[in-house]
Amino acid sequence: MGSELKSYLTGFALAVLLTAIPFVLVATRSDLPLGWILSLCAIAQAIVHLRYFLHLRWRGQKREDLQLVLFTVLVLFFLIGGTIWVLGDLATRM
Amino acid sequence: MTDSLCGNLTWDSIMLVKAWKDPNVNNLITAGAAAMIPVGALMVPLLLLWTGWWRPLFRDWLASVDHKKIGVLYIALAVVMLFRGVVEGTLMRLHHATALHGGVLSPDHFNQLFTTHGTTMIFFVAMPLITGLMNVVIPLQLGARDVAYPRLNQIGFWLTASGGFLITISLLIGQFATGGWSAYPAYTGSIFSPGVGVDYWLLSVGLSGIGSTLSGVNFAVTLYKLRAPGMTFMRMPLFLWTSLCVSILLVLIMPPLTVACITLGLDRYLGFHFYTNDLGGNLMNFINLFWMFGHPEVYILALPAYGVMSEVASTFSAKRLYGYPSIVVATMCIAVLSFLVWLHHFFTMGQSALVNAVFGIATLIIAIPTGMKVYDWLATLWRGRIRFTTPMIYLCGFLVLFVIGGLTGIILANPTIDFQVHNSLFLVAHFHNVIIPGVVFGMLAGLHYWFPKVFGFRLLESWGRTTAWLWIVGFSVTFFPLYVAGLMGMRRRAVDYADPAIQPYMIVAAIGSLILCLAFLALLGTILRSILLRKQLAVPLGDPWDARTLEWATPCPPPEYNFAVLPEVTARDAFWEAKENGTAYAPVEKYEDIHLPPPTYYGLWIGAFASVLGFAVVWHIGWLSLLGLLGSIAVPIAYALLPYREIILPAAEVQKQDEAWRCAARETDGVTRDEEAHATNRGLAKPDELEIEFAAAER
Amino acid sequence: MNSPPKLHPGLNLGPAHGDDHEAAENSIFGFWVFMMSDLVTFGMFFALYATALHATAGGPGPKDLFDLSSVAWQTGFLLVSSLTSGLALLHVKTHHHRSGAAIGPMLFWLLATVALGGLFLWREIGDFQAMAAQGALPTRSNWLSSLWALVGLHGLHVSIGMLWALVIALGVLLRGVDQRWKLTLLRWGVFWHFLDIVWIAIFSFVYLGGLR
């Protein structure tokens, strides 16, 4: 029991931290490059959730699940990135 | 929205009433077709009652979770819908033959025809055909007892069927959309298409799309997790590789379509502004979403056909597939590249040349893996022990015609050329040239090839070959003239034309479409004639084609559990290997109890409520929509709370059935390939001298 | 060296179960595949939102409408509910051999998760009402259409997750924590965690991105 409960609590602590940082920065109207920080915190927190809550690892049987998630993310990158590129390009020409 | 009892539904919505009040040609044609629905709805139950078939129909088929039966239901649905699609296609070609300066049909009627034709053919013919074939074949080839989630499989079928119900009922009540199968707004928005047509499109496509997503999930898990012991990925038959890629494509690529349907629905029903012309709406977003689904969809349809052709080429030339790893890699390349080319469907939308060039080049790259496959198939045939059975004729037609279709695709992939022929009949000819010889020929070859496995008897070769030639000739005569007409400037989806030079081509195409009608009738004839002669054509021992993969290591038809003992796989062509070693029909030492999922009406209930929901939403009938929605939610909850009992088949019973088959196979003298199409073929193969020589040479 | 413990998403069935692990593998893997389809669905709504950022058509924009403290509350509720959902699963694991004993605490954490989901929805609906009061309905502009659709879809998922949890609670009360309900609970766990991951993207890119 110990190790798994610890995993959840570690994950929760990290998630709280990674949520607090962007909220505080936006609330205080910080001059830092917010776009980058928001994106990095979001990606980091998603990874924290996948690792500590959903236990996705490179090892063992969870590997297939992780590969699946990564492939989906790649496809999403193609589709969302492509959409923004194509429609952004169109918007500049209208 | 109205809140009366029947929503927007009135007596005049019913086509027969409309035709009675205003009997013009267009209304009469539609009413004639529509009349088949009530007649059918009356005849079928009467027939079932009279023959007493209703009980086995419900108990053994509609409640069954057996993947083979669900597969057959899918294919039956596809054949019924194919009838409608072929008739509509023929009507359009006949109309165009007379449409110089206007023809028989009104523009609105013609618009409905090409919209229903496209929607039916893609979503309710091609998709059920591939899903059905994958359902039948995947577990058998994989050495598994069923798909991963048998009940989900049933639900997927019934969602597809409820979509099919909606598009069919639109013929009788109301009318279907007029905006083409791709339903571009703003034309399909509520301002320009206020009627129920687009709503029918949204709901039928949306429901069947959810069904396809579920099938994709099911097949992906089956292929990942239920492979027989020893069946590594690189030992999977090629059809399974293509199925795996298709399943992943289905899972990841149906959502853009679902989202396109939902958002267009929000625009139409609740006044959102996703694709409207005002308040920031952007119709290009819909086009972009639709083709993010639409292009991979082409490969969802084509890849299984490539898989079938790989099996056919190797079986009917008695050789192992040439270049297996290269075809596997090519399949995966095509699957991944298919995510990167969607923009070539709208080169003319107005984006900069750089964007067009990138997507054009990505499109051209797909030709490389596809070409590789064609060479691999040719090399498989080379110096094989070739038999010109029906599937081989489809394969030959496929190799010649599909390559032509692919080449015209390469022409279209060049944005500068695409600007010239965009939205012309050249495009129509191109995609029919890819889909008919590619997808339809592949599926028909697969139907012939696997029919005996499912039903226990072969299809008649004589009729089969005639049908195959009719499809090949009919296709060529219908669609090659359209290339020319397209280059001469004839627009697609145009109801008439003004240039008399085009008319001869239209007349030839109309004749071709009649040949295609004959081909469809011949297909039905093949099946009916073979059913009548099923005793002569029976192949109970299971291996009529001297085939190579695991599905043939079972009797024809296989028992519900497929394999009495799960096979151990040691090589790529597992069954071929077993036959070479003489272990194919060897006695089994130990049998075990088999757990089977129980029959259930889960799927049927879901389908019924989904159909009610769809119909009620189309007609804005509030209370009925709510009923359908609550029903669709309540059914899964009820089934989750009900106790679930597996059927356990005792080992002794399994042993009795299996040993009977194995003994019969050991005691029967097989036939050589010379007698493949004769009545002596009972499904047991015997190598002849030529074949033994080949086998030695192959080593 | 010991083999690494088999950590299923949120739950390990425990060593006593043997073959059940394989069933769990298949069941959970399938649900992951389905969730990936759902992820693409959300992805498409994000893409629509991204292309609609400037399409406010003269209507209100992010800075006029978004309420940072309300979003922070919603984020907090959902994050804590992720933890409580995990605790519900963990209880089933550690007490699997005494199925009667596990039901009480498990139900507690399950219902706590539902309650937190309810609080989340309460704040979210409050936000929507506030927007509607300012005339920021989805019929106002393309940007508002895509905002309502994206956030609304997430809210719909949360409602489905809550309904599902209640059905599980009912099922467990009726039939005890058997193999079938354990698998259902596992799938629900994946679903609930997934919702929180999607919410990360929503609060980061939609709300904070809009307010920065």
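Any read-out appearing in this document is the output of simple, stated calculations on the displayed coordinates, not a laboratory observation. Given the structure is predicted, the values throughout are model-derived calculations rather than measurements. Cβ placement follows ideal geometry from the backbone for every residue including glycine, while neighbour counts extend to all protein chains displayed.
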Calculated over segment A:1-55: convex hull of Cα atoms, volume per residue (Å³): 53
q = 0.13 Å⁻¹, segment B:385-534: log10 I(q)/I(0) [Debye, one scatterer per Cα]: -0.64
Average other protein chain Cβ within 10 Å of Cβ, residues A:64-72: 5
Label-to-label distance, nm, for residues given as B:TYR644 and B:ALA498 (7 Å Cα→Cβ offset): 6.5
Shielding by partners, peptide C:139-151 (average Cβ within 10 angstrom, other chains): 5
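Show me the three semi-axes of the equivalent ellipsoid for segment B:334-373, from the C-alpha gyration tensor (sqrt of 5 times each eigenvalue), largest first, rounded to whole Å.
With the √(5λ) rule applied to segment B:334-373, the semi-axes are 21, 9, 7 Å.
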B:THR98-A:VAL24 FRET efficiency (beta carbon distance; Förster radius 60 Å; 0.05 resolution): 0.20
0 to 90° range, to nearest 10: angle between helix B:602-618 axis and chain B longest Cα axis: 10
Average partner coverage of B:219-230, which counts Cβ from other chains inside 10 Å: 3
Size of chain B as Cα extents on the principal axes (Å, biggest first): 73, 57, 46
Overall form of segment B:517-667 per C-alpha gyration tensor (a/c, 1.5; a/b vs b/c): oblate
Total formal charge among the other residues, if their Cβ is under 9 angstrom from that of B:PHE457, Lys/Arg +1 and Asp/Glu -1: +3
Cross-link pairs beyond the 19 Å C-alpha cut-off, checked among B:LYS69/B:LYS579; A:LYS6/C:LYS93; B:LYS590/B:LYS686; B:LYS579/B:LYS686: B:LYS69/B:LYS579; B:LYS590/B:LYS686
Around B:VAL65: net Lys/Arg minus Asp/Glu count, Cβ-Cβ under 14 Å: +1
Enclosed volume per residue, in Å³, of the convex hull spanned by Cα atoms of segment B:506-564: 144
Among B:CYS663, B:PHE426, B:PRO481 - extreme Cα towards positive end, dipole of the protein assembly as shown, charges at beta-carbon: B:CYS663
Tilt relative to chain B, helix B:67-97 - C-alpha long axis, 0 to 90 degrees, to 10: 40
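Exposure proxy check: C:SER82, A:SER30, B:SER64 ranked by fewest other beta carbons within 10 Å?
Values: C:SER82 25, A:SER30 13, B:SER64 21.
Taking fewest neighbouring Cβ atoms as first place, the list is A:SER30, B:SER64, C:SER82.
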Directionally averaged shadow of segment B:353-402, computed from the convex hull of its alpha-carbon atoms, nm²: 4.2
For segment B:175-281, alpha-carbon Rg relative to the globular expectation (2.2 N^0.38 Å, N residues): 1.45
Label-point gap, in nm, between B:ALA367 and B:ASN8 - each point 7 angstrom along Cα→Cβ: 4.6
Net lengthening on full extension, B:THR680/B:LYS535 (0.36 nm per residue, minus Cα-Cα): 51.1 nm
Segment B:13-124 - Rg (one decimal) and Dmax (whole number), Cα, Å: 17.9, 55
Rotationally averaged projected area of segment B:197-259 (alpha carbon convex hull; nm²): 4.6
FRET E, pair A:VAL16, C:LEU111, Förster distance 25 Å, beta-carbon r, rounded to 0.05: 0.65
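With the Cα gyration tensor of chain A in hand, convert its eigenvalues to equivalent ellipsoid semi-axes via √(5λ) and list them largest first in whole Å.
The answer is 31, 23, 6 Å, longest axis first.
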FRET efficiency, B:GLN420 to B:TRP382 (Cβ-Cβ, R0 35 Å, nearest 0.05): 0.35
Counting all C-alpha pairs of segment B:581-673, share separated by more than 23 Å (%): 57
Along principal axes, Cα extents of segment B:258-377, largest first, whole Å: 63, 33, 17
Per-residue Cβ neighbour rank within 10 angstrom, fewest leading, B:GLU659, B:GLU560: B:GLU659, B:GLU560
Inverse of mean 1/r across different Cα pairs in segment B:457-564, Kirkwood, Å: 17.1
Simple Cβ-charge dipole of chain A, Lys/Arg +1 and Asp/Glu -1, about Cα centre, in debye nearest 20: 220
Label-point separation, B:TRP20 to B:VAL39 (7 Å along Cα→Cβ), nm: 1.7
Sorted by Cβ density within 10 Å, fewest first, the residues B:ASP60, B:ASP543: B:ASP60, B:ASP543
Taking the convex hull of Cα positions in segment C:69-211, its mean projected area over all directions (nm²): 8.7
Of every Cα-Cα pair in segment B:102-235, the percent that sits beyond 20 Å: 53
Normalised per residue, the volume of the convex hull around the Cα set of the protein assembly as shown (Å³): 179
